[in-house]
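Engineer: After the structure tokens below, expect a handful of questions from me.
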Amino acid sequence: MDWLAVVWDPKMDVVGTTSAWVRRRLDDQGPDARGNPFDLLIGGSGVVPDVVWSALGARVLAWATDEWTVLAAAAAPSVTMASLMRRNPAITHEDFVNHWRDRHAPLALRRHVGLIDYRQLVVTRTLTADTPEIDGIALLGFATRGDFETRFFDSDDGRAEIMQDVARFMDRPGPETTLIEPPGASRCPG
């Protein structure tokens, strides 16, 4: 089991007391930026930390997750899009997970031609009060910012095929979709 949290207005002195890996929001969220991007994505493996979640920042959402690596990068991606995913209300969580892994992942590998790292984190339970129900967190990594901006889809047909598939199993990505820095770029103090 893994755990993952998104944090707004983080208190880095408290974040630094956890054994978490940390990835910060990129300052430039790009021309398609919208919503309410978070400031930090933090996480870890194994035991969920004994931490007062609200002490990590002004707003903290945290989940227990099971990670499935669809594509592992040989070198760290320079930009990753992190999306909190909510299932289409007409399907169950189990149907969402099965479609995401078995049908959408192979399609994404074909159509997202600039993708070098793709991880699906299936939410198993929430860890914080007032956390909205989500079904998964998608982490899509690209070698360069240019690849993210120009090679996200292979073609207009590829974009259309992805969007049609997405409508089958999920609501659109939430307003928290955030571009984050490479793994290991941030160091917690302490």
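The values are calculated or read from the model by the stated rules, or taken from the named source; none is laboratory data. Remember, predicted model here, so these are calculated numbers, not experimental data. Virtual Cβ from ideal backbone geometry, glycine too; neighbours counted across all protein chains shown.
Engineer: Only one residue in Leu109, Leu84 is surrounded by 18 or more Cβ atoms within 10 Å (Cβ to Cβ), in contact with a strand residue (DSSP E or B) (Cβ under 7 Å, 6 or more places away or on another chain) and among the hydrophobic types (A, V, I, L, M, F, W, C). Which one?
Structural biologist: Going through Leu109, Leu84 in turn, just one is surrounded by 18 or more Cβ atoms within 10 Å (Cβ to Cβ), in contact with a strand residue (DSSP E or B) (Cβ under 7 Å, 6 or more places away or on another chain) and among the hydrophobic types (A, V, I, L, M, F, W, C): Leu84.
Engineer: May I pose another question? Quick check on region 163-171. Is at least one of its residues crowded, with 19+ Cβ neighbours inside 10 Å and part of a loop (DSSP other than H, G, I, E, B)?
Structural biologist: Scanning region 163-171 turns up no residue that is crowded, with 19+ Cβ neighbours inside 10 Å and part of a loop (DSSP other than H, G, I, E, B).
Engineer: Output the number of the condition that Val7 fails; it satisfies all remaining conditions of (1) more than 21 Å from Phe148 (Cβ to Cβ); (2) touching a residue at least 60 places away in the same chain (Cβ under 8 Å).
Structural biologist: Unmet condition: (2).
Engineer: Inside region 1-22, can you point out the residues that are out of contact with any Ser or Thr (no Cβ under 6 Å at 6 or more places or on another chain), surrounded by 12 or more Cβ atoms within 10 Å (Cβ to Cβ) and modelled with pLDDT of 90 or more?
Structural biologist: Those that are out of contact with any Ser or Thr (no Cβ under 6 Å at 6 or more places or on another chain), surrounded by 12 or more Cβ atoms within 10 Å (Cβ to Cβ) and modelled with pLDDT of 90 or more: Trp3, Ala5, Val6, Val7, Trp8, Asp9, Pro10, Lys11, Met12, Val14, Val15, Trp21.
Engineer: Here are some conditions: (1) in contact (Cβ under 8 Å) with a residue 60 or more places away in the chain; (2) surrounded by fewer than 15 Cβ atoms within 10 Å (Cβ to Cβ). Leu127 meets all but one. Which one does it not meet?
Structural biologist: If we test Leu127 against (1) in contact (Cβ under 8 Å) with a residue 60 or more places away in the chain; (2) surrounded by fewer than 15 Cβ atoms within 10 Å (Cβ to Cβ), just (2) comes out false.
Engineer: Going residue by residue through region 130-147, is there one that turns out to be out of contact with any His (no Cβ under 9 Å at 6 or more places or on another chain), without any contact (Cβ under 8 Å) to a residue 40 or more places away in the chain and within 22 Å of Val60 (Cα to Cα)?
Structural biologist: Yes, some residue in region 130-147 is out of contact with any His (no Cβ under 9 Å at 6 or more places or on another chain), without any contact (Cβ under 8 Å) to a residue 40 or more places away in the chain and within 22 Å of Val60 (Cα to Cα).
Engineer: Same structure, new question: For region 90-106, how many residues meet the condition of being of a type outside the set (A, V, I, L, M, F, W, C), under 24 Å from Leu179 (Cα atoms) and surrounded by fewer than 20 Cβ atoms within 10 Å (Cβ to Cβ)?
Structural biologist: Counting residues in region 90-106 that are of a type outside the set (A, V, I, L, M, F, W, C), under 24 Å from Leu179 (Cα atoms) and surrounded by fewer than 20 Cβ atoms within 10 Å (Cβ to Cβ) gives 2.
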